[in-house]
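*Asks:* Can you read through this structure? Questions will come right after.
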Amino acid sequence: MHLPKIGEVYCRVHRWFEGQIKTVTVSRNPDGRYHASILIDDGSDKPAPNADGKAIGIDLGLKHFVVTSDGEKYNNPRHLKKHERNLLPQTAKTVEEATRVELSPKS
């Protein structure tokens with residue numbers, strides 16, 4: 001690869017392309033390795049938008065699990081709160097059994 005002001009640079013090409021190169025962005029990772037992102041124009045037309053279905057946006061949140069761009073809100077199921085009361089006795093039994101096993105003398 002030839003870079004202006006630097007010259008010829010070795011590069012490992014992962015995917016060959018055909019078309020006109022528009023931009024090349026060279027970035028350096030914290031570990032010292034360089035990467036180049038290449039934007040090309042392959043001459044093909046943009047795909048036509050799909051008019052079969054309706055597209056919506058989805059926002060994931062904490063108060064409401066999902067809010068769509070249509071304004072529909074879906075509540076957070078809060079599974080932990082629902083089953084927390086049942087989990088506490090089981091957790092206590094498991095901890096008790098684990099300490100009992102650790103304290104038993106080895107034969």
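*Asks:* Any residue in the stretch 2-24 that is in contact (Cβ under 8 Å) with a residue 24 or more places away in the chain and in a loop (DSSP other than H, G, I, E, B) sitting within a Cβ distance under 7 Å of a residue that is open to solvent by 60 Å² or more (accessible area, probe 1.4 Å) and of a type in the set (D, E, K, R)? List the pairs, counting only those 6 or more apart or interchain.
*Replies:* The qualifying pairs are GLU18/ASP42; GLY19/ASP41; GLY19/ASP42.
*Asks:* Can you find a residue in the stretch 54-69 that is open to solvent by less than 100 Å² (accessible area, probe 1.4 Å) and either over 22 Å from the mean Cα position of the chain (by Cα) or touching a residue at least 24 places away in the same chain (Cβ under 8 Å) (or both)?
*Replies:* Just the residues of the stretch 54-69 that are open to solvent by less than 100 Å² (accessible area, probe 1.4 Å), to begin with: 55-57, 59, 61, 64-69.
Imposing the further condition that a residue be either over 22 Å from the mean Cα position of the chain (by Cα) or touching a residue at least 24 places away in the same chain (Cβ under 8 Å) (or both) reduces the set to none.
The answer is no; no qualifying residue exists.
*Asks:* Among LEU87, LEU3, LEU39, which is the only one that is modelled with pLDDT of 85 or more and surrounded by 10 or more Cβ atoms within 10 Å (Cβ to Cβ)? Quick ask: steps written out before the conclusion?
*Replies:* Values: LEU87 fails: modelled with pLDDT of 85 or more; LEU3 fails: modelled with pLDDT of 85 or more.
Answer to the check: LEU39.
The values are calculated or read from the model by the stated rules, or taken from the named source; none is laboratory data. Please read these numbers as outputs of a predicted model, since none were measured by experiment. Cβ coordinates were reconstructed from backbone atoms using ideal geometry, including for glycine residues, and neighbour counts include every protein chain displayed. To get the accessible areas, we keep the full protein, side chains included, count just its heavy atoms, and leave off ligands, DNA and RNA. Shrake-Rupley method; radii C 1.70, N 1.55, O 1.52, S 1.80 Å.
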